[in-house]
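Here's the structure, in structure tokens; my notes come after.
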Amino acid sequence: MTTDPTVSWPSMDHVLIIHSVRDYAAWKQVFDEAAALRRRAGELSYQLLRDEHDANRVVHFSRWTSLAEARAFFESPGLEEIRRRAGVEAPEFNYLHGLEQGTL
């Protein structure tokens, strides 16, 4: 497939977070409680995935209105407390600009 550089694609800014959690059920409860907070910060959609062999290794893949808003949210001091409450260990953040999306 050839992409025409003159075509304007809608914003596709994403964040990929990979982290271990002490207890998935406890983490998920805090994650769900923070849904409105994430939405107000600019999160548009998300997917949760987990490692095939480690149920407490979680991937949070989300689409955002902008990477600036995502970065401001994830790097805010208040989110550190939420992560601590959720039992998050050593999160790895990847801020990504989308290039193309398709279905096969």
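Database remark: amide H of residue 50 closer than 5 angstrom to the amide H of 59 (H placed geometrically; neighbours at sequence offset of 5 or more, or on other chains; Pro and chain starts carry no H).
Remind me, relative contact order of region 13-104 in percent, using alpha carbon pairs under 8 angstrom and six or more residues apart? Reported as a whole number, the value is 48 percent. Between residue 44 and residue 103, the modelled labels are 1.7 nm apart [label points 7 Å from Cα along Cα→Cβ].
FRET efficiency for the pair residue 71 and residue 33, taken as 1/(1 + (r/R0)^6) with r the Cβ-Cβ distance and R0 = 30 Å, rounds to 0.85. Taking packing as the residue-averaged number of other Cβ atoms within 10 angstrom, the listed peptides 61-67, 40-46 run from highest to lowest as 61-67, 40-46. Accessible surface of the chain, 1.4 Å probe: 53 percent of it comes from carbon and sulfur atoms. Note on the chain: helix-only mean residue ellipticity at 222 nm, from DSSP H runs of 4+ residues weighted -39500 (n - 2.57) and normalised by residue number, equals -9500 deg cm²/dmol.
The values are calculated or read from the model by the stated rules, or taken from the named source; none is laboratory data. Being a predicted model, the structure only gives us computed values, none of them experimental. Neighbour counts run over all protein chains shown; Cβ positions are idealised from the backbone, glycine included. In case anyone asks, the SASA skips ligands and DNA or RNA and just uses the protein heavy atoms, side chains included. Shrake-Rupley method; radii C 1.70, N 1.55, O 1.52, S 1.80 Å.
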